[in-house]
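Before any comments, here is the structure.
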Amino acid sequence: MRNCSIVSVAVWGLLLSGSVISPVWAEPVQEPSAATENISGGKIGSIRVEGVQRIEKATVLSYLGLKPGDDFSPVEINNGLKNLFATGFFADVKLLRQGDTLIINIVENPVISKVAFEGNDRIEAKDLEKELELKSRSIYSRDKVQSDVKRILDIYRRSGRYNAAVDPKIIKQDQNRVDLVYEITEGPVAKVEKIRFIGNDHFDSETLRKSIRTEETRWYKFLSDNDKYDPDRLQFDEELLRRFYTNEGFADFQVKSANAELSDKHDAFYLTFVVEEGVQYNFGDVKVANELQGKDKPDLDKFITTKKGDKYDASKVESSIDAMTKELGNHGYAFVDIQPKLDRDHDKKIATLTYTIKPGPRVYIERINITGNLRTVDDVVRREFRLKEGDPYNTALLQRTEQRINNLGFFEKVTVKNEPGSAPDKTVVNVDVKEKSTGEINLGAGYSTTDGPLANFGVAEHNLLGQGYDLRTNFVLAEYRRSAELGFTDPYFLDRELAAGFDIYRTYQDFSQESSYISNVTGTNIHMSYALQEKLQHTVYYTIHQNTISDVPVTASDFIKEQEGTFLTSAVGHSLAYDQRDNSKSPTSGYFASISEEVAGLGGNSKYLKHEVKASYYYPIEPKWVVSTLGSGGYIYGFSSNGILINDRFFLGGDSLRGFEIAGVGPRDITTNDALGGNAYYSGTVELKFPLGLPDELGVAGAVFSDFGSLWRADDTGANVFDQNLLRVSVGGGVLWASPFGPIRIDLADAVRKAKEDRTQILNFSFGTRF
């Protein structure tokens, strides 16, 4: 009979019939004393590894830490056993002695063939997989399964589902492989049913609810998730409350506690904020303790917005510090420490404020580090910098750099920070970005009074090959318009700040109701643009297109009949645009101005010189109350005996002059009522946008406006042609909805000043959707 002793045994129990059970540890088997004595004595003659399938025997021996010639030491053997289990590769390990041979008998943990999810209706599998440690072809580990279950539950809790449950299952396959399946019960969303405040004497609870991000659930809040409980948001709400009170003069305000109570059914939360308001202060004396040295010490008093006698406002203190910090940065001072010291007089309710300014040394940029850009190449980010390595540090230019990187639209988040460099006069700028998808597939459907029912499909990639190239295609099918377009732009052509690209397009447009003809245009243009200054853009372009005027009925104006046929236009042009708006898509402040000129006649049938100017100004009179003024004007001069083709003329009405139909204003053949277009125009709008008192998350606003303009001077003349420069004016109001399906706007306008030949309409409706 062989003399065989089990030195130590540890077993992970796996039930491979479809579920995971708790680990089972087997106690060491007690051997006869003679065998025990034999284990503790002698030297290891050889080591044999049994049971390996995927793992090399040399790998097992390296983790064991024993070799032939070592003593049979229980301490060393147990250490080797622990090392083997610590790898996570093995489900079972047995160490046995047979004579002077040490036998390692192992059972490898299975390999995961695939990871699957069941019951995850609200969260896609790809989003869950990103958070998991165990993936396909990784080694199964019970500890890692439990860790991944916790991660999945955390994901569901962040989405407000506190009743979610996850049951991991394993399914045995051949060749020591398993499928790992997470069976998920998502449960309902636990929403915030009630928000209460305790200790608020100066402001009612409704006012405080509006100052925080979390909201009480209501049926109409399906477009927002602010009524879902989020622990991180609760902490942010505490900060928002503090900001609200300190901006209202309560410098001593504190949130004593913020509690979230989950209902018994785990489907609702009740939030309670306990606050201590303190005293409401006014500013006393406002001083600056400026410890800056040198002759170029800037005057900072003009940047201070906190004035004696005003109500204490922490936001004004912060804005004053930001303005002073920016000004000091412009003078080369980095890491300046500006500390506001507040001396409170509780009895008089006055707070004396002192800004203490301690300068740092003049600092130069030692290095610029860019991280997080896995797809976008470094140069695409680096070329947006208004600073380079070796330049003096400048806060304003660094802030502009961050804005430019954000404006690329390639990143979900951009963080720009600086830290001390290798010497006191050096700093390192770190840019961390989080990339987002830059590809788009747009499907659209809608209706407008301009085009009628419409559908569109577009595909775009705004960061092609990670180089920042913009490639786009778009197709529109509408009742009165059909178009197809392909465009490409390189924003840094020849490695210079020069955007160059081309567009190829074909457009069909039905003007039979306005001017009794159908237009088909096929063409291309080549364009280049560059910045003359930070916000002043110059664009030059060349365009060539073929225009066919067809389907002109016998009842059409003689002037339209003369236009029937195919014409070629070859033109070159340029434009200057200055954009000082806070947001180009939905501006609330700032202004925009542009001027453009185009000359045609480099071959083709069209010969003209066109000028056009546009300007807009936005001014917020109150939060969410914005007054805007928009104006434009143009003139086209033909230097051909054929005059100016109808498709090159200006038209006015519809969206450009509400209260009037499309092409409803301007020169017209009064016998056929066909619009002929004009060579000169001007138009303008004065509008006030304002909230309607509905919840902000609905995205609904109102507007009142007045449009005005005129169109005149057609090439076509005669007794039956109406062509006068008369001012037209309309007034009206509308409703705007930033819906999840796209922007919707309904306007009602009345033409209060018009010509009898004009064509008017009261309703102007536009609807667009993208999903």
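The values are calculated or read from the model by the stated rules, or taken from the named source; none is laboratory data. Because the structure is a prediction, the values reported are computed rather than measured. Here the Cβ is made from the backbone with ideal geometry for all residues, glycine too, and neighbour counts use every protein chain on show. To get the accessible areas, we keep the full protein, side chains included, count just its heavy atoms, and leave off ligands, DNA and RNA. Shrake-Rupley method; radii C 1.70, N 1.55, O 1.52, S 1.80 Å.
Listed values for region 172-188 are Karplus-derived 3J(HN,Hα) couplings in whole Hz (6.51 cos²θ - 1.76 cosθ + 1.60, θ = phi - 60°), namely 6, 10, 6, 6, 6, 10, 9, 9, 9, 10, 9, 8, 10, 10, 6, x, x, and x replaces Gly and Pro.
Computed from the Cβ-Cβ distance with R0 of 30 Å, the FRET efficiency linking Phe85 to Arg157 stands at 0.40.
As a fraction of the 1.4 Å probe accessible area of the chain, surface on carbon and sulfur atoms comes out at 52 percent.
Note on the chain: helix-only mean residue ellipticity at 222 nm, from DSSP H runs of 4+ residues weighted -39500 (n - 2.57) and normalised by residue number, equals -4500 deg cm²/dmol. Between Leu692 and Glu50, the simple spin-label model (points 7 angstrom out along Cα→Cβ) gives 8.1 nm.
All other residues whose Cβ lies under 9 angstrom from that of Phe592 are scored, Lys and Arg at +1 and Asp and Glu at -1, for a net of +1.
With respect to the chain, whose longest principal axis is taken over its alpha-carbon atoms, helix 314-330 is tilted by about 90°.
Calculate, in nm to one decimal, what Glu124 and Asp343 gain on full extension: separation in residues at 0.36 nm each, minus their alpha carbon distance. Intermediate results must be reported in sequence, preceding the final value.
Values: separation 219, 0.36 × 219 = 78.84 nm, distance 5.47 nm.
Contour length minus Cα-Cα distance gives 73.4 nm.
Considering every alpha-carbon pair of region 482-621, the percent of pairs per 5 Å bin, from zero through the bin containing the longest distance, is 2, 9, 13, 14, 16, 16, 12, 9, 6, 3, 1, 0. For the pair region 612-638 and region 665-732, the centres of their Cα atoms are 14 angstrom apart.
With contacts taken as Cα pairs under 8 Å at a separation of at least 6 residues, region 582-701 carries a relative contact order of 21 percent.
Rounded, prolate or oblate: which fits region 214-372, taking a ≥ b ≥ c as square roots of the Cα gyration tensor eigenvalues, rounded meaning a/c under 1.5, else prolate when a/b beats b/c? The shape class here is oblate.
Legend: calculated FRET efficiency, Leu374 to Gln235, from the Cβ-Cβ distance at R0 = 25 Å, rounded to 0.05, equals 0.25. Where only protein heavy atoms count, and the probe is 1.4 Å, what is the accessible area per residue for region 128-175 in Å²? Roughly 56 Å² per residue, with all protein chains present.
For the chain, with the dipole built from +1 on Lys and Arg beta-carbon atoms and -1 on Asp and Glu ones, taken about the Cα centre, which of Ala314, Asn407, Asn456 lies farthest toward the positive end? Comparing the listed Cα positions along the dipole, Ala314 ranks first. For region 655-720, the solvent-accessible area of protein heavy atoms averages 36 Å² per residue (probe radius 1.4 Å; ligands and nucleic acids excluded).
Taking a straight line from the alpha carbon of Lys135, these lysines sit under 18 Å away, with near neighbours fewer than eight places off in the same chain left out: Lys114, Lys126, Lys144, Lys150, Lys169, Lys172.
Axis of helix 74-86 versus longest Cα principal axis of the chain: the two differ by about 20°, to the nearest ten degrees.
Would you work out which of Ala500, Phe765, Ile338 lies farthest towards the positive end of the dipole of the chain, given +1 charges on the beta-carbon of Lys and Arg and -1 on that of Asp and Glu, about the Cα centre? With unit charges placed on the Cβ atoms, the residue in question is Ile338. Relative contact order of the chain: 5 percent, from C-alpha pairs under 8 Å at least 6 residues apart in sequence.
Note the full-extension length gain between Asn282 and Phe639 as 0.36 nm times their separation in residues minus their Cα-Cα distance, in nm to one decimal.
Values: separation 357, 0.36 × 357 = 128.52 nm, distance 6.99 nm.
121.5 nm is the gain from fully extending Asn282 to Phe639.
Once the C-beta distance of Thr629 and Ser136 is scaled by a Förster radius of 45 Å, the resulting FRET efficiency is 0.15 to the nearest 0.05. With the cut-off at 1.5 for a/c, could you classify the chain from its C-alpha gyration tensor as rounded, prolate or oblate? The shape class here is prolate. Principal-axis analysis of the Cα atoms of the chain puts helix 142-158 at an angle of about 30° to the longest axis. The mean accessible area for residues of region 587-629, using a 1.4 Å probe and ignoring ligands and nucleic acids, is 56 Å² per residue. Counting 0.36 nm for each residue step from Val752 to Ser422 and taking away their Cα separation leaves a gain of 111.7 nm. Listed by chain and number, the aspartates and glutamates whose C-alpha is less than 13 Å from the C-alpha of Lys689, apart from same-chain residues fewer than 8 away, are Glu622, Asp747.
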